[in-house]
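Colleague: Here's a structure for you.
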Amino acid sequence: MATRVLIVFATSAEAEILQRLEGTVSSDGSRRFGNSIISCLVTGVGGISTAWAMKQWLSQNSYPDLAINAGIAGSYSGKINVGDVVMTLTDCFADMGIETGAKIITLAEAGLMDPDKFPFNKGVIVADNKFVKKAGTILKKVNGITVNTCSGSVSTIERLRRKFNPDIETMEGATFFYICALEKIPFLSLRAISNKVEPGNRDSWNIKLALDNLAGKLEEILLMLE
């Protein structure tokens, strides 16, 4: 029986990697690859766009057997290089809280949310399903944070590093985790590193390398579903 897969991208440039998969495209735009029937959703950048687009899609279509969030990310870790493809195991809304000088107080620390109310566990959302276990055999597992603004100053980077000790940073990850968890849809998050999270580094981003490697790993994951 085929596995119905929804792949969620923030941008059309990221979604274009699906064109590299050899498969049959049906009249409704879905793609048959290996044992998977793939639907593609391009949400737009950021959590708000991701939330609206995903809820719209889910309200109009049958729920998939697996949702995959695929895209680029920035790395905080010296052990994760530009071009590496990783799987996010935990994510959280890192800049949702109260700023007090050089510190940020999370909503949980401020008493405005329960850090253990589903889908949260100690303030983070965890990806834990049979697909994560399979993908974990070929991908490095990392902890992510989600922000509304890509971090680019020393003060912001150090504050987030001290607070959350993240491996990677994205602008959509925790939103994807949140919706999938609440809707009880098994999910994976694959991120290719396009840059190091550091001040003034925009010109050093290597998006092409990241997307080339993401395409290869996504193909491996989909073939693994057979």
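Colleague: Working out 0.36 nm times the residue gap between I207 and I105, then minus their Cα-Cα distance, what length gain in nm do you get to one decimal? Numbers along the way, then the final one.
Modeller: On the way: separation 102, 0.36 × 102 = 36.72 nm, distance 3.27 nm.
Between I207 and I105, full extension yields an extra 33.4 nm.
Colleague: Using packing as a proxy for protection, rank 148-160, 119-131, 36-48, 167-179 so that the peptide with the highest average count of other Cβ atoms within 10 Å comes first.
Modeller: The most tightly packed comes first, giving 167-179, 36-48, 119-131, 148-160.
Colleague: How high is the FRET efficiency from L223 to N148, r the C-beta distance, R0 41 Å, rounded to 0.05? Let's see the in-between values first.
Modeller: Details: r = 35 Å, r/R0 = 0.86.
It comes out at approximately 0.70.
Colleague: A further question follows. With respect to the cross-link table entries K79/K208; K103/K133; K117/K196; K134/K163; K117/K140, which display a Cα-Cα separation exceeding 25 Å?
Modeller: Pairs exceeding the cut-off: K103/K133; K117/K196; K134/K163; K117/K140.
Colleague: For the chain, what does -39500 (n - 2.57) per DSSP helix run (n ≥ 4), summed and divided by total residues, give at 222 nm, in deg cm²/dmol to the nearest 500?
Modeller: Values: 6 runs with 63 residues, N = 226.
Value at 222 nm, helices only: -8500 deg cm²/dmol.
Colleague: So how far apart, in nm, are the two label points at Q19 and E183 if each is 7 Å from Cα heading toward Cβ?
Modeller: The answer from the label model is 2.7 nm.
Here, each number is a calculation from the coordinates, and none is a lab measurement. These numbers come from a predicted model, not from an experiment. Cβ coordinates were reconstructed from backbone atoms using ideal geometry, including for glycine residues, and neighbour counts include every protein chain displayed.
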